[in-house]
Protein chains: 4
Amino acid sequence: MIFGSDNWAGAHPAIARRLLEEAEGFSAPYGASELDRLVEQKFNDIFEREVAVFFVGTGTAANSLALAAVNRPGGVAFCHREAHLIEDECGAPEFFTHGARLAPVDGENGKIDPRNLLAEIKRFPPGFVHTGQPMAISITQATEIGTLYRPDEIMAIAKIAEDMQLPLHMDGARFANALVALNCSPAALSWKLGVDIVSFGATKNGCWCAEALVFMRPDMARDLPFIRKRAAQLFSKTRFIASQFDAYLADGLWLELARHANDMGRCLQNGIRSSRHARLAWEAEANEVFCIMDKGRADDLKRQGAVFYAWNPPHSGQALLGENEVLLRLVASFATQAGQVDRFIEILG
Amino acid sequence: MIFGSDNWAGAHPAIARRLLEEAEGFSAPYGASELDRLVEQKFNDIFEREVAVFFVGTGTAANSLALAAVNRPGGVAFCHREAHLIEDECGAPEFFTHGARLAPVDGENGKIDPRNLLAEIKRFPPGFVHTGQPMAISITQATEIGTLYRPDEIMAIAKIAEDMQLPLHMDGARFANALVALNCSPAALSWKLGVDIVSFGATKNGCWCAEALVFMRPDMARDLPFIRKRAAQLFSKTRFIASQFDAYLADGLWLELARHANDMGRCLQNGIRSSRHARLAWEAEANEVFCIMDKGRADDLKRQGAVFYAWNPPHSGQALLGENEVLLRLVASFATQAGQVDRFIEILG
Amino acid sequence: MIFGSDNWAGAHPAIARRLLEEAEGFSAPYGASELDRLVEQKFNDIFEREVAVFFVGTGTAANSLALAAVNRPGGVAFCHREAHLIEDECGAPEFFTHGARLAPVDGENGKIDPRNLLAEIKRFPPGFVHTGQPMAISITQATEIGTLYRPDEIMAIAKIAEDMQLPLHMDGARFANALVALNCSPAALSWKLGVDIVSFGATKNGCWCAEALVFMRPDMARDLPFIRKRAAQLFSKTRFIASQFDAYLADGLWLELARHANDMGRCLQNGIRSSRHARLAWEAEANEVFCIMDKGRADDLKRQGAVFYAWNPPHSGQALLGENEVLLRLVASFATQAGQVDRFIEILG
Amino acid sequence: MIFGSDNWAGAHPAIARRLLEEAEGFSAPYGASELDRLVEQKFNDIFEREVAVFFVGTGTAANSLALAAVNRPGGVAFCHREAHLIEDECGAPEFFTHGARLAPVDGENGKIDPRNLLAEIKRFPPGFVHTGQPMAISITQATEIGTLYRPDEIMAIAKIAEDMQLPLHMDGARFANALVALNCSPAALSWKLGVDIVSFGATKNGCWCAEALVFMRPDMARDLPFIRKRAAQLFSKTRFIASQFDAYLADGLWLELARHANDMGRCLQNGIRSSRHARLAWEAEANEVFCIMDKGRADDLKRQGAVFYAWNPPHSGQALLGENEVLLRLVASFATQAGQVDRFIEILG
């Protein structure tokens, strides 16, 4: 009953085996192998256009280097107040951008509200030297609280980005989960809506360590090879990342895994909905479920082997919790088994 | 005939299989799993003392974070003029230390000459605000040009480090190769000589991606957890690094692999020594062989499938090369096969 | 009718003349002159203890270097949401701290509310690597909106700082104005309450360019000489700063000038209070007055030569402004003449 | 007998008085005053073209921000091995460029040798990710050891800069001294030769604190306003810098002062040339004289009130010093009096 996070899971067998195959033989290092080329080409196919792809080792790196690539002196990036970028990276984005600022934007359901976004951006008048200057907008899909931006919601944000001449970045640590939930193609959920850069996560969804930074307009990534090397993210044996993606992207495995994770999330959600001892904090739309229960019951579940974490109630502030209640995050992954979900719901009662 | 670098190799089967085993099941992320603990304990055993171990993804990261951990405002780190740190990291050490300086020190055979080191350090008088201030000394073992520091040579440098109250870092990207060549234990080649921090490389010697930053005095690493997270080097599924080390360090596999690489280097060296068409640039002591030959012959070897790189003659300056000659680096690895060496020597003639 | 800011003023004649005297002769540069020593001693006298003083050129530098001196990897500094530090420095604090974060804290009247402060700090659990780690608290005295922390209010914040082992910094760009308004001695308004570092501003209050960074505990400033030099804030002819302070601090001139500025602020405030066409936004306590009037009337005042700026309504959010109304900041300085205030109030009507 | 440095001098009376005049009245801060505009226009006149001028407080800032303005990820700036930039800034250029590297280039007489420069630049192949990438060339005029680049020498370096598409920066801390010694106009000694950016120093030559960063092509300075603000170098009362320049540049005062300093340098040099107890280390060409004498005699001069510093023999290495000899730097300034020079020479004997 591991619902701590999707990174508690290991790796999907097909991906693990693919890595084993790759162990033999020799290959040009630092991203210069044929396999690197091949997998980069796969990204072109997936996104239905020529993209610039950079493999990195962690999601922290992908997000931080995306901002570093588009930063300017005094730069300010706008993201949702609860974004991973701002809440869980120990200041890595600030570090990799030499001190750019992350400006939190409020919005319901973990999503940036375009009106708030515009108001925040306007606090930084063009050319005004005393404030910083806007340099990027970043959205998270699926969001940090398990909800999804609908295409039109992204388009509204992309419109602002375009008007303000700001690049639009998408933290896609759970991009696959969003794609299958919304039944969209990668192109339809990214550049066709105006997204410029995607942090394409695969680690949470079945890989060991495979993240890709994808620039829809390769010219935006001109300095990235140097930024990445300087950031200690150019792996010598990159083919070990490339080969994970090779298996991950083959025959739609990645979407299948995400679908499973979402399905398990839905089972959890249904179970909680029908429980007498817990209620949903809000509607889950991908593989993360947030629910509220008595602290005692949560402790009891833990004692019986369930793993999950308490979640801070969102800043937006509605008084979600009653006395002695806790807000919990339950995350399903590609490796979650239906039996584990059933057991959890059974114990919950 | 791949002698381009030891990172052209893939992974040793035992390590690859160990990874496959680890694919199943669930485990606490971010270095909190039992396996992480277990492998950290192994490092205590190997170094015969309680050390602080931090897994990172690249050697660039290990070296850069080591310096970041001991840096001070205006800090200057001293390393050999040909050190990887200064020559091949695109400024990553400067980036991770917020602009510390790497001061090159000259010395024969790729090794810091203690007299030069002392003279360089003295250019930065204590408390003098216009120069920077010394903050670390870094040596590379085996060196960037395939030679080895003898224990007494390290001790001489460590003596200076101690007198000047500077931490002594060892870039051990090829630490295992040095250990077996010198027939020393890890403890005997590190803290017993006065080394404070080791970048413990395993990627080049049979892993896919496994580097460890080892602090001999854990209190020196107090800030490292935050430095590492901020540096995007805290992997969510760290156990994939831990499990590589687990197999790598089991039953002396790591030393066996290094021994093989060194043996293959010796075969290359012997072949070149007896060749009429090439000569050794200097005596190799580990798994890297540097030789000189006619440019035409080098091209011919390449045409027949050999992979290697030209090397810039060392700054120290002796006129090594005749007209039309090139200096080449040939690197043997755990995966190098004797037949390939033989073939290379045969073609060389 | 210049109420744009206190830095629209020039320099007080006594200070300007003191500079002229200093023009002749020779003197050791980089802060090593006798005058530097003498003025540093004056700070000891003023603060009634041995302090470490560092002259710098701008308030931005003073504030940023204060944070740099106490920063740690992943550091987070807490300040009021409307603090100059966070609103008007183009990210300088982030730059000088290599990307530390400024966490805004809410509170009425431009002052940090201790309960909010504690709640914000608690969002960064000790040792938890995914958030950053608290590293400092900064308060502004007088505040950015012309109010004042009372001694007991500072003490309540200092108590939190002490409990959390965080240094407490005071942005004293208008420290003198606060001293005279509260009738406190420098010691009584700083270290006796628990303040560790003061940005001691003099530029706004009669100097041309004179800011001092004062550490109440000199050991906290050990690295500051290097931080300052690296930050390009070690002036070769520092005595030009020292001599300004020399005149500024002589015979209580600095307090006299601040008293005048506050008096002029009070005149402005009284005038506005009795005006039919404007009202006070909140009670002014030092030399800055915030008032609300019709946009048309504000434009009219400008046309007749008044200089002032519109101010963004505080985030705390109460709907201060009616339709077509603007919130204005009026700043009086040591150079403000009573006649100009009268004229302004007369035109205002 | 103060020959410690040109920054031991105070300020020229005309400049000091001009500051006093400026003390009165009100003026727009942060570089927005009419005087700022007026003085900026003067720079256009002096350079005979439209330039972008930025006032800053220290030479360290001017040099560091120049490099920051043209930096790129992994950037490397080339300067002479003995340049102030690399030797005396405590790593400020590295700090302001987020860790760019300063690559030392050798050359006789304190001047970059174009062949060495080209060889150094070629060590950073275009697009090669493991080294850094060239981003600027910086020369010092007059050089750190009192010599001068002739126009054709600058042109040779500018040719390389152009071929390599690198901006050429000139550290002009003693620009005026070079102008009068070479009898060149500012335009003829800068952009007409290919210089792109000048750190235009005035502090050493009669101001208190006045440095200007001058971009010959304003588009190169697009980000500078933000870089400067973030660097804490935007002074609120900038007119105090502008007014110094106003007097400094009026009626050729600046050139007159530099001429005097150079004359005094020549007197020192002539005196040393005819002394039996000292000899010139090399030929001085501006206001800095380097000589060699017995340590005992140097101590004797100090006892009798002379102020000067020992200088490290240049790296280029010729064995300049005999046993018990010291290399001294003597700096004349606008304020040096002939009588003091005479006295020094007399004591020297």
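The values are calculated or read from the model by the stated rules, or taken from the named source; none is laboratory data. For clarity, every value in this text was computed on a predicted model and none was experimentally measured. As a convention, Cβ positions derive from the backbone with ideal geometry for all residues, glycine included, and neighbour counts pool all protein chains shown. These area figures cover heavy atoms from the full protein model, side chains too; ligands, DNA and RNA do not enter into them. Shrake-Rupley method; radii C 1.70, N 1.55, O 1.52, S 1.80 Å.
What is the mean number of Cβ atoms from other protein chains located within 10 Å of the Cβ atom of each residue in peptide A:47-59, rounded to a whole number?
2
Would you mind putting B:30-40, D:90-100 in packing order, based on average other-beta-carbon counts within 10 Å, highest first? Intermediate results must be reported in sequence, preceding the final value.
Values: B:30-40: 17.6, D:90-100: 27.6.
Put in order of decreasing packing, that is D:90-100, B:30-40.
Can you give me the P(r) profile for the protein assembly as shown? Cα pairs, bins 20 angstrom wide beginning at 0, each as a whole percent.
Histogramming the protein assembly as shown at 20 Å steps yields 10, 35, 36, 16, 2, 0 percent.
Express the relative contact order of chain B as a whole percentage, based on alpha carbon pairs under 8 Å and six or more residues apart in sequence. Mind dumping the intermediate values first?
Values: 680 pairs, mean separation 84.6, N = 349.
Normalised by residue count, the contact order of chain B is 24 percent.
Just need the relative contact order of region C:254-348 here, percent rounded to a whole number, with Cα pairs under 8 Å and 6+ apart. Don't jump to the answer; show the numbers that get you there.
Values: 140 pairs, mean separation 34.8, N = 95.
Relative contact order for region C:254-348 comes out at 37 percent.
Taking 7 Å along the Cα-to-C-beta vector as the label spot, tell me the A:ASP152-C:ALA338 distance in nanometres, rounded to one decimal.
6.6 nm
Counting only C-alpha contacts under 8 Å and six or more residues apart, can you give the relative contact order of region D:150-200 as a whole percent?
Numbers: 45 pairs, mean separation 26.4, N = 51.
It comes to 52 percent, rounded to a whole number.
Would you mind telling me the share, in percent, of accessible area of region B:12-252 contributed by carbon and sulfur at probe 1.4 angstrom? All intermediate terms of the calculation are to be shown ahead of the outcome.
Numbers: 3590 of 7330 Å².
Within region B:12-252, the accessible surface is 49 percent carbon and sulfur.
Return the percentage of antiparallel bridges among DSSP beta bridges fully within the protein assembly as shown, rounded to the nearest 5 %. Walk me through the numbers on the way to the answer.
Values: 92 of 168 bridges.
That works out to approximately 55 percent antiparallel.
Straight-line reach from B:LYS229: which aspartates and glutamates have Cα under 14 Å away, leaving out those fewer than 8 places along the same chain?
By straight Cα distance, B:LYS229 reaches A:GLU87, A:ASP88, A:GLU89, A:GLU94.
Report, as an integer, the average count of C-beta atoms from other chains found within 10 Å of each Cβ along B:21-32.
Average neighbour count from other chains, rounded to a whole number: 6.
Within a Cβ distance under 14 Å of A:CYS291, other residues only, what is the Lys/Arg minus Asp/Glu net charge? If you can, show how the numbers build up before the last one.
Details: positive: A:ARG266, A:ARG273, A:ARG276, A:ARG279, A:LYS295, A:ARG297, A:ARG329; negative: A:GLU283, A:GLU288, A:ASP294, A:GLU325.
Here the count lands on +3.
Take the alpha carbon atoms of region C:1-48, find their center, do the same for region D:37-100, and report the distance between the two centers in whole angstrom.
Comparing the Cα centres of region C:1-48 and region D:37-100, I get a distance of 27 Å.
With a 1.4 Å probe and all protein chains left in place, how much accessible area per residue does the protein assembly as shown have, in Å²? Walk me through the numbers on the way to the answer.
On the way: 48140 Å² over 1396 residues.
Heavy-atom SASA per residue in the protein assembly as shown reads 34 Å².
Going by Cα centres, region B:184-230 and region D:242-304 are how many Å apart?
When both Cα centres are located, 53 Å separates them.
Among C:LEU321, C:ALA261, C:ALA286, flag the residue with its Cα farthest along the positive direction of the charge dipole of region C:254-348, charges on Cβ as +1 for Lys/Arg and -1 for Asp/Glu.
Going by the Cα projections, it comes out as C:LEU321.
Lys and Arg at +1, Asp and Glu at -1: add these up for the other residues within a Cβ distance under 14 Å of B:ALA158 and post the number. Could the numbers behind the result be given before it?
Working: positive: B:LYS111, B:ARG150, B:LYS159, B:LYS192, B:ARG217; negative: B:ASP152, B:GLU153, B:GLU162, B:ASP163, B:ASP196.
Neighbourhood net charge equals 0.
Quick one: if you take sqrt(5λ) for each eigenvalue of the C-alpha gyration tensor of chain B, what semi-axes come out, biggest first, whole angstrom? List each step's numbers first, then the result.
Values: eigenvalues 205, 152, 55 Å².
Working from the Cα gyration tensor, I get semi-axes of 32, 28, 17 Å.
Counting other C-beta atoms within 10 Å, and keeping those with at most 14, which DSSP coil GluC sites (Glu not before Pro) do you find in region A:231-340? Intermediate results must be reported in sequence, preceding the final value.
Working: sites: A:GLU256, A:GLU283, A:GLU285, A:GLU288, A:GLU323, A:GLU325; in loops: A:GLU283, A:GLU285, A:GLU323.
Qualifying residues, ordered by number: A:GLU283, A:GLU323.
Could you state how much accessible area is buried at the C-D interface, both sides summed, with a 1.4 Å probe, in Å² to the nearest 100? Walk me through the numbers before you get to the answer.
On the way: alone 15580 and 15590 Å², together 26850 Å².
Buried area (both sides, nearest 100 Å²): 4300 Å².
Could you tell me which residue out of C:VAL105, C:VAL129, C:CYS90 lies farthest along the dipole of region C:12-252 toward its positive end? Charges go on the beta carbon: Lys and Arg +1, Asp and Glu -1, centred on the Cα centre.
So the residue we want is C:VAL129.
Taking 0.36 nm per intervening residue step and subtracting the Cα-Cα distance, what contour gain separates A:GLU24 from A:LYS302 on full extension?
On the way: separation 278, 0.36 × 278 = 100.08 nm, distance 4.29 nm.
Roughly 95.8 nm would be gained on extension.
Under a straight-distance cross-link criterion of Cα-Cα below 27 Å, which lysines are reachable from D:LYS192, leaving out those fewer than 8 residues away in the same chain?
D:LYS42, D:LYS111, D:LYS122, D:LYS159, D:LYS204
What share of the DSSP beta bridges in region B:12-252 is antiparallel, in percent to the nearest 5? Numbers along the way, then the final one.
Values: 10 of 28 bridges.
Taking every DSSP beta bridge within region B:12-252, about 35 percent pair in antiparallel fashion.
Run the accessible area of region A:253-348 with a 1.4 Å probe and give the carbon-and-sulfur part as a rounded percent. Walk me through the intermediate numbers first.
Numbers: 2060 of 4550 Å².
Answer for region A:253-348 is 45 percent, counting heavy atoms of protein chains only.
Give me P(r) over region C:254-348, computed from all C-alpha to C-alpha distances, binned every 10 Å, as integer percentages.
Percent of Cα pairs in each bin: 16, 51, 27, 5, 0.
On the Cα set of region A:129-174, report Rg and Dmax in Å, please.
According to the Cα coordinates of region A:129-174, Rg and Dmax are 12.2, 38 Å.
Work out the FRET efficiency for D:ARG17 and D:LYS159 from their Cβ-Cβ distance, taking R0 = 41 Å, and round it to the nearest 0.05.
On the way: r = 45 Å, r/R0 = 1.09.
After rounding, the FRET efficiency stands at 0.40.
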